[in-house]
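What follows is a single structure, written as structure tokens, with notes after it.
The values are calculated or read from the model by the stated rules, or taken from the named source; none is laboratory data. Quick caveat, the model's predicted, so the values are computed rather than measured. Because the Cβ atoms are built from the backbone with ideal geometry, glycine has one as well, and the counts that use them run over all protein chains shown. Note: accessible area is taken over every heavy atom of the protein model, side chains too, but ligands, DNA and RNA are not part of it. Shrake-Rupley method; radii C 1.70, N 1.55, O 1.52, S 1.80 Å.
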Amino acid sequence: MSGGGSSGVTHIGVIKALEENNIPIDYITGTSMGALVGALYAAGYSPQEIEDIFLSTQFKDWAEGNLDQKYSYYLREKNNNPSLVTFKLAMDTLFETSLPTNLISPISLNYGLMSYFAPSTAFANNNFDSLFIPFRCVASDIISKKSVILREGDLSTAVRASIAYPLYLSPITAEGKLLFDGGLYNNFPSDVMYNDYLPDYIIGSNVSSSYSAPNEDNIISQIKAILVDNRDYSISCDNSILIEPEAAEFSLFDFDNNKKLIQIGYDATLKKIADLKNDINRRVDKNELEERRKVYKKKLPKLVFEDIEVSGLTDSQNKYIRKSLRFKGDTISAEELKSEYIKVSSDDKIKSIYPLAKYNKESTYFTLKLLAKKEKDLFVSFGGVYSSRPINEVYIGLQYNVLSKTAISVLANTYFGKLHNSLSGGFRFDFPFQIPFYWKTTYTIDGWDYFKSKTTFFEDTRPSFLVVNDNYFKSEIAFPIAYKGKIIIDGTAGELVNNYYQTKQFLSTDTTDKTRFRNFSTALTFERNSLDLKQYASRGSFFSICTRFIRGEEHSTPGSTSIIKDNFDTILNWFQFKVTFDKYFNDEGKVRFGLFGEGVLSNQPFFNNYTASVLSAPAFQPLSESKTLFQENLRAHSYFALGVKNIYQVLKKFQLRFEGYLFQPYQQILQNNNKEAFYGNVWSDQQFILSSSLVYNSPIGPLAINLNYYDKYEEHWSLLFHFGYIIFNKKSLE
């Protein structure tokens, strides 16, 4: 069976048709996708079982490098930021060694192959001739520029080497060599079949052909032209037949049409069945074959682990990984351990953890051997947002990792733009104890200049009339709640300084009012997050419940336009309780539905004047654009809000979103003639927000057009185009 990327899925249909027509299969050789399909069949899986694997969500995750989101470990995830690209650099090597070697993550694939092939490998004692059907796998050694025939060893590793297509899937070390996709030097191993087994008759299933000239706009065609050497698709045997399913229209890594591809292989084989039956006299009864397969499977050991061994790094680093894997009881199944493997493999300080299952004949259990590689020391991220409004921003993030018995990350980031500027730095310790937790401390300088993004002009030269500076220390400790949740205990101390005019009628020579609020707060938060994207999500859910106590000293200094002329000092303290819920339904369909809810309950007192009171009040900001606007009508000490979302997946990466939100303050904050704050009527002044968006989720970030309507904002309609993420550092009182 040949290689050929997604076209190789047709091999499943070929085998299916051969079995149904009682054509015997005594030996199998395969390259790349042919190796994967062939190995599954050789390991005792039926054509129907193989088809089910290739049509599953699990296989799609393999092909796209996705991790099962239910196993991603929220405790180890960093806060969302607007990074678009991240470079991972080793401090003691050249930049070129830090470039990525693969487009997709192999984590799910590696564990999946191990799970499927470990029992057969153990039963065969690492001899591929002792599998349910004798098997040969072909990989490539690009150092010697020769193909490598894999006849023994770990079956999952052999297959993994054979499918390691350059730049798409990382290579792997086996038999002391760094091995790549077998199709580079032998994409149709009929010669391996003939030389190793000398069969009476060879059936070839080929979906490859000589490659056309490379295209200057297609990097895959260029790689093929540079690397691929063998283009011989003939069979090295006089008694043979060649089945060639027509699958050239499918791109190399497009696995969205597997059902159709299997049918193509099935139909192509049926066209050759009459010739096959004329050439081959022997038959294998399908029922007898299935019974023999059942007997073989009963002899296979169950994939249950009794121990875990980690190697590849220093002793302390190996211990960090081992302690991060929660191993409960004496034994654990592969499915139960899968969640722990994905959790640790997705740690950003670990580059890769390759799993091998070694069988212990005496105990009849397996040991999971993990070969770990450390990630680069330094992460440099670049991102931000480019927008049709003057909210453009550049983001730079730095993270330096130190891995020992405890993982340490030194963190820093900066935002700079017309609306928002920020600088933050700190550290984070991850402790892999029996109850794991992290401790994180940061210092943040945050500045907002809301009205630089306005389009109206005032008398004289217009200075900004609402500037917020938020400087604070924050320290937090977090513990996991299952895989997707965490409990956070935090403490914050800082100074919030607001400079503003209480009127829109002012000159550039006027001085602003200034309110300084030196404060500290402490909070207890539960969060659970399984959203698929950090912005414009369409799958998963987010839930947060937080209670916070805030105490501080307000000092207000009136400006030249203020009615109140005296300085003001007071002590303020309050409790705040906040709940946020965001959930998406029908996440596998073309049409998806989402519900949003948020509520705040607080006994927060007023500040000295209306503007200072509104600036310190919790804000309802459900849209991306909302976070860039100061909307006093959507701020209240206590409120609840509801939202509905309809998302249409127009194409794979395109979505059309329609969203509507209702905001209901318990009591709206109003101002009297002296610019002092007072409450409006209870449960009055409802407001709503409508939004429609066309979003393209590119590989590096979202490209979106938003049309938004704000019920009682001074500018009802807004049209926003942006590329990148509208995400900021958290504010001190959030």
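Computed quantities for the displayed model
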| quantity | calculated |
| --- | --- |
| Computed label-point distance, nm, for sites residue 143 and residue 672 using a 7 Å Cα→Cβ extension | 8.5 nm |
| Selected from 729, 86, 296, residue furthest toward positive end of dipole (the chain; charges at beta carbon) | 729 |
| Cα-based shape type of segment 513-667, given that a ≥ b ≥ c are square roots of the gyration tensor eigenvalues and the cut on a/c is 1.5 | prolate |
| Probe 1.4 Å - accessible area at residue 233, Å² to nearest ten | 30 Å² |
| Full-stretch length increase - residue 281, residue 173 - with 0.36 nm per residue and alpha-carbon distance subtracted | 34.6 nm |
| Protection proxy ranking, peptides 410-418, 24-32, average beta carbon neighbours within 10 Å, highest first | 24-32, 410-418 |
| Tilt relative to the chain, helix 10-20 - C-alpha long axis, 0 to 90 degrees, to 10 | 50 degrees |
| Spatial separation of Cα centroids for segment 623-688 and segment 515-592, in angstrom | 14 Å |
| Coordinate range along principal axes, alpha carbons of segment 1-126, Å, largest first | 58, 33, 32 |
| Translational diffusion coefficient (Stokes-Einstein; Kirkwood radius from C-alpha pairs) of the chain at 20 °C, 1.002 mPa s, in µm²/s | 73 µm²/s |
| Estimated FRET transfer efficiency when R0 is 51 angstrom, pair residue 734-residue 315 (beta carbons, to 0.05) | 0.80 |
| Sorted peptide list for 398-408, 614-624, criterion being average Cβ within 10 angstrom, highest first | 614-624, 398-408 |
| 222 nm mean residue ellipticity, helices alone, for the chain (DSSP H n ≥ 4; -39,500 (n - 2.57); rounded to 500) | -5500 deg cm²/dmol |
| Mean separation of Cα contacts under 8 Å, 6 or more apart, over the residue count of segment 572-698: relative contact order % | 23 percent |
| Equivalent ellipsoid dimensions for segment 277-404 as semi-axes, Å, which come from the Cα gyration tensor, largest first | 45, 27, 13 |
| Sequence of 640, 575 from largest to smallest accessible area, 1.4 Å probe | 575, 640 |
| Accessible surface, the chain, averaged per residue in Å² (probe 1.4 Å) | 45 Å² |
| Rounded tilt (10° steps) of 334-345 against the dominant C-alpha axis of the chain | 50 degrees |
| FRET efficiency for residue 263 and residue 362, using Cβ-Cβ distance with R0 set to 51 Å, rounded to 0.05 | 0.65 |
| Angle between the chain longest axis and helix 258-270 axis [Cα atoms, degrees, rounded to 10] | 20 degrees |
| Peptides 354-367, 171-184, 273-286 ordered by average Cβ neighbours within 10 Å, highest first | 171-184, 354-367, 273-286 |
| Total charge dipole magnitude, segment 643-734, about the Cα centre, Cβ charges on Lys, Arg, Asp, Glu only, Debye to nearest 20 | 480 debye |
| Rounded to the nearest 20 debye, dipole of the chain from Cβ charges on Lys, Arg, Asp, Glu | 1200 debye |
| D_trans [Stokes-Einstein, Kirkwood Rh over alpha-carbon pairs] for segment 591-727, 20 °C, 1.002 mPa s, µm² s⁻¹ | 132 µm²/s |
| Amide H partners (placed H, <5 Å) of residue 32, local residues excluded | 138, 182, 183 |
| Between segment 402-449 and segment 309-372, the Cα center-to-center distance that results, in Å | 28 Å |
| Nearest-0.05 FRET efficiency for residue 375 and residue 721, computed from C-beta distance (R0 35 Å) | 0.50 |
| Cα gyration tensor shape for segment 589-656, rounded if a/c is under 1.5, else prolate or oblate | prolate |
| Length-normalised contact order of the chain in % [C-alpha pairs under 8 Å, at least 6 apart] | 10 percent |
| Per-selection Rg to Rh, segment 639-687 - Cα, Kirkwood hydrodynamic radius | 1.32 |
| List 163, 481, ordered by accessible area with a 1.4 Å probe, largest first | 481, 163 |
| Accessible surface of the chain [probe 1.4 Å, protein heavy atoms]: carbon and sulfur percent | 55 percent |
| Diffusion constant of segment 363-453 at 4 °C, which comes from Stokes-Einstein with the Kirkwood Cα-pair radius and 1.567 mPa s, µm²/s | 80 µm²/s |
